[in-house]
Amino acid sequence: MTAEYLLHQEMEHVFAALTPANRLVCRVCVSTGLRVGDVVQLRTDQLKPQFWITEQKTGKRRRVNLAAPLLKELREQAGRVWVFESARGPDKHRTRQAVWRDVKRAAKAFRLPQNVTVHSLRKVFAVDALGKAKGNVRKVQRALNHSDQATTMIYAMALQIYQAKYGKLNRGRNENGE
């Protein structure tokens, strides 16, 4: 089963039910488009407004930009080596599986109909990026670091897929929760 899109209101509900560290991991995912595995492996010495990472899944290099308030929160919570330390000790980082379990637990608590995973946040990022790019799919493709435009289109169309599957924008509300 693939990860499905979340409306912003649903995403905020899930975030509210997460542990503080996992909530911050997810906020980084949705604001940068990074995969959770790349976020949990961030090192404290990487924390700058702009830095480069090598994506774990693809091996491609990617520039990451962090907004000042998010960067401040990350620095406040960062450990000596890892931004997101493991509960097992400061020499290890938090695992993507730990974040995934927390997200699944939170989504279940709110009885959301869709399959919510940490990868759902990448779809939220893609839909938001498409709006900011005024429909320019190539810009979103670059932001997600996708090799082909077809994959990006699947992400960018996540809101339309959500509407087709669930009808109205969940419980009669629009994307902004109104």
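The values are calculated or read from the model by the stated rules, or taken from the named source; none is laboratory data. Predicted model, so just to flag it, every value in this text is computed and none were measured. All Cβ positions, even for glycine, are placed from backbone atoms using ideal geometry, and neighbour counts span all protein chains on display. SASA here: full protein model, heavy atoms, side chains in, ligands and nucleic acids out. Shrake-Rupley method; radii C 1.70, N 1.55, O 1.52, S 1.80 Å.
About the centre of its Cα atoms, the stretch 54-103 shows a dipole size close to 300 debye [charges on the beta carbon of Lys, Arg (+1) and Asp, Glu (-1) only; nearest 20 debye].
The residue 105 and residue 44 beta-carbon pair, evaluated with R₀ = 35 Å, returns a calculated FRET efficiency of approximately 0.80. About the centre of its Cα atoms, the stretch 38-178 shows a dipole size close to 220 debye [charges on the beta carbon of Lys, Arg (+1) and Asp, Glu (-1) only; nearest 20 debye]. Computed from Cα atoms, the angle from the helix 8-17 axis to the main principal axis of the chain rounds to 40 degrees.
Principal-axis analysis of the Cα atoms of the chain puts helix 120-132 at an angle of about 70° to the longest axis.
Computed over the chain, the per-residue total of -39500 (n - 2.57) for DSSP H runs of n ≥ 4 gives a 222 nm mean residue ellipticity of -15000 deg cm²/dmol, rounded to 500. The calculated Kirkwood hydrodynamic radius for the stretch 1-117 is 14.7 Å, given to one decimal from all distinct C-alpha pairs.
At a 1.4 Å probe, what is the % contribution of carbon and sulfur to the accessible area of the stretch 1-86?
On the way: 2190 of 4170 Å².
Carbon and sulfur atoms account for 52 percent of the accessible area of the stretch 1-86.
With the charge dipole of the stretch 33-178 set up from +1 on Lys and Arg Cβ and -1 on Asp and Glu Cβ about the Cα centre, the Cα lying farthest toward the positive end among the listed residues 163, 49, 137 is that of 163. Think of a 1.4 Å ball rolled over the protein heavy atoms: the stretch 1-84 then has 49 Å² of accessible area per residue. For the chain, the longest principal axis of the alpha carbon atoms and the long axis of helix 96-109 meet at an angle near 40°.
Between amide H atoms placed 1.01 Å from N, distances below 5 Å from residue 64 occur with 51, 52, 53, all of them 5 or more places distant or on a separate chain.
Evaluated on the stretch 6-69, the Kirkwood hydrodynamic radius is 12.7 Å, with distances taken between all distinct Cα atoms.
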